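S.K.: The structure under discussion is supplied below as structure tokens; questions concerning it will follow.
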Amino acid sequence: MKIPAQRGAEVGSITVDALNPVFQNVSPTDKGQTFRDLQGIASGVASINSQIAQKRDRVALRQAEAEWNTFEQQIADPQNGLYTAQGLDANGLTDRYSEMAAAKREEILANFSTVTGSGRNAMEQLMEGRTQAGWNRAAGHENAQLDAAEQGQIAASIERATDRASTFWNDDGEFNSAILTAETAARDLAEGQTPEAVTEAVQAETS
């Protein structure tokens, strides 16, 4: 079969075997180049995946920190927070904080369970540090409140002892016992003062 020559070719015709058509502008396959291209694509995909994973971790860490900030605000709420406990009501406050912080930590870790590796380590370190700081605040509040309650108890004990001494002023045994009780309580109340100063204060109170 004869077909016209291509434009720009020499005038005439060429003979083509119908079973073997002519393919022009086709070069042999470069398998090495194809492999390098695939490697480049795989490397690009891996790089993008790494960037996405890092961004996910950063977003999750910031969200976890925001949730912990909300938790701390609830703890410190001046109306209903943990530190509204006064006096003996603050007894055990540090333990209550530890329980609440542990529960919040587990909740956050469950919410961001897809975060692994360095991202999860950073999240755990963040909450560990914030928990320790919160525990210190809770311990300070409980200690101050229990100290105030103890001071009140000791002051009440001194008052009862001085009333008793006044009642039994003519009974040497009862009077001396009451004075000794008052002195002991006053010594506890006035830590750091000399025994003489405490005794003088009690005697002045009961004279």
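S.K.: Give me the pairs, please: first residue somewhere in region 133-156 and within 14 Å of residue 86 (Cα to Cα) and touching a residue at least 40 places away in the same chain (Cβ under 8 Å), second residue anywhere and of a type in the set (Lys, Arg) and open to solvent by 30 Å² or more (accessible area, probe 1.4 Å), beta-carbon distance under 9 Å, and either six or more positions apart or on two chains.
M.R.: So the pair list comes out as 138/96.
S.K.: From the list 199, 114, exactly one residue is assigned to a helix (DSSP H, G or I) and modelled with pLDDT under 85. Which is it?
M.R.: None of the others qualify; the one that does is 199.
S.K.: Yes or no: residue 101 in a helix (DSSP H, G or I) and open to solvent by less than 40 Å² (accessible area, probe 1.4 Å)? Lay out the reasoning, then the answer.
M.R.: Numbers: in a helix (DSSP H, G or I): yes; open to solvent by less than 40 Å² (accessible area, probe 1.4 Å): yes.
Taking the combined requirement at face value, the residue satisfies it.
S.K.: Oh, and also: Given the criteria of a type in the set (S, T, N, Q), farther than 30 Å from residue 182 by Cα and in contact with a Gly (Cβ under 7 Å, 6 or more places away or on another chain), does residue 74 qualify? Full working, then the answer.
M.R.: Details: of a type in the set (S, T, N, Q): yes; farther than 30 Å from residue 182 by Cα: yes; in contact with a Gly (Cβ under 7 Å, 6 or more places away or on another chain): yes.
Yes; evaluated as a whole, the condition is true for this residue.
S.K.: Out of 144, 155, report the one residue that is in a helix (DSSP H, G or I), surrounded by fewer than 16 Cβ atoms within 10 Å (Cβ to Cβ), of a type in the set (Gly, Ala, Ser) and at pLDDT 80 or above. Reasoning before the result, please.
M.R.: On the way: 155 fails: at pLDDT 80 or above.
None of the other options fit; the residue is 144.
S.K.: What's the number of the only condition in (1) open to solvent by 80 Å² or more (accessible area, probe 1.4 Å); (2) at pLDDT 85 or above that residue 138 fails to meet?
M.R.: Unmet condition: (1).
S.K.: Scan region 86-97 and tell me whether some residue there is farther than 30 Å from residue 152 by Cβ, assigned to a helix (DSSP H, G or I) and open to solvent by 70 Å² or more (accessible area, probe 1.4 Å). Steps first, answer last, please.
M.R.: Quick first cut of region 86-97, residues farther than 30 Å from residue 152 by Cβ only: none.
So far as region 86-97 goes, no, none of its residues is farther than 30 Å from residue 152 by Cβ, assigned to a helix (DSSP H, G or I) and open to solvent by 70 Å² or more (accessible area, probe 1.4 Å).
The values are calculated or read from the model by the stated rules, or taken from the named source; none is laboratory data. In this text, all values refer to a predicted model and were calculated from it rather than measured experimentally. FYI the Cβ positions are ideal-geometry reconstructions off the backbone, even for glycines, and counts take in every protein chain you see. Only protein heavy atoms, including side chains, enter the accessible area calculation; ligands, DNA and RNA are left aside. Shrake-Rupley method; radii C 1.70, N 1.55, O 1.52, S 1.80 Å.
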